[in-house]
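A.B. asks: Sharing a structure, written as structure tokens. Questions coming.
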Amino acid sequence: MLRRALGILALLLCAFPEVATAQGFSQASQNKLERLIVYGDGFAFGVKEPDDWRADTGEIARKYHVNILFAPRQAAGGNENVTIRVRVNRKVDENTIEDLNYDMEQYKKEFPEAEFTDLSVKHPEYRTFAKLVCVPDQFYEYVAYINPGPVSRFTFSAAMSKTSKPATPEEMKAFESVLKSLVWLSAGVSQK
């Protein structure tokens with residue numbers, strides 16, 4: 001199984017020559033990689049790091065219970081006012097909109113004053129369902145559920161959180177670029 005996973009990774013590296021995995025907020029290179037490969041038990045996906053943001057798949061991402069977290073470069077040391085997070089979730093069925101609706105109901109229970117708005121962000125290939133949930137002057141959560149379709153037994157959830165005020169146009173651009181860059185690579189990865 002490990003040999004198969006390494007073979008898949010080697011093929012991916014050939015297909016995407018400027019690919020790397022994100023391991024913490026790296027200060028080593030100023031070169032922009034084409035795509036980061038994020039992997040876990042049973043999955044691998046690619047995602048692009050937005051300009052002027054840094055990716056983390058280590059301690060900070062684990063703190064947020066996500067597979068990868070992006071923060072603005074100037075805030076890479078923690079205490080971020082805004083983060084973009086991506087998580088892979090096991091899929092029960094292809095009815096992803098119901099997963100989003102369920103989570104919105106949970107927000108309503110926890111924050112009765114929350115306001116909900118449809119978002120018009122879309123992945124170029126995968127079905128996407130997105131909402132903005134906010135409590136004005138407290139938090140703004142931009143949430144998207146992305147379904148790669150029947151080829152995958154997983155979905156993506158992408159979220160951007162911001163405290164106190166809505167996202168700026170630059171932050172929305174970064175969120176959309178992360179969402180649109182997601183690419184499902186494999187469900188055959190095994191960690192040992």
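Derivation of every value follows stated rules applied to the coordinates shown; laboratory data play no part. A quick note: this is a predicted structure, and the numbers were derived from the prediction, not measured. Here the Cβ is made from the backbone with ideal geometry for all residues, glycine too, and neighbour counts use every protein chain on show.
A.B. asks: Using alpha carbons only, how many angstrom separate the centre of region 114-158 from the centre of region 32-75?
C.D. replies: Cα centroid to Cα centroid, the span is 17 Å.
A.B. asks: Over 28 Å between C-alpha atoms is what I'm after, so list which of 48/109; 91/165; 131/165; 48/162 land there.
C.D. replies: Long pairs (Cα-Cα over 28 Å): 48/109; 91/165.
A.B. asks: Another question, if that's okay. Got a sec? Charge dipole of region 49-192, +1 on Cβ for Lys and Arg, -1 for Asp and Glu; which of 175, 86, 139 is way out at the positive end?
C.D. replies: So the residue we want is 86.
A.B. asks: Continuing with the same structure: Pull up all non-local amide H partners of residue 53: gap of 5 or more, or a different chain, and H-to-H distance under 5 Å with H placed in the peptide plane.
C.D. replies: 73
A.B. asks: Next up: Suppose every Lys and Arg Cβ carries +1 and every Asp and Glu Cβ carries -1, with no other charges. What dipole size does region 77-161 come out with about its Cα centre, to the nearest 20 debye?
C.D. replies: 400
A.B. asks: Please compute the contact order of region 121-162 in relative form: average sequence separation of alpha-carbon pairs under 8 Å and at least six residues apart, divided by the residue count, as a percent.
C.D. replies: RCO, region 121-162: 34 percent.
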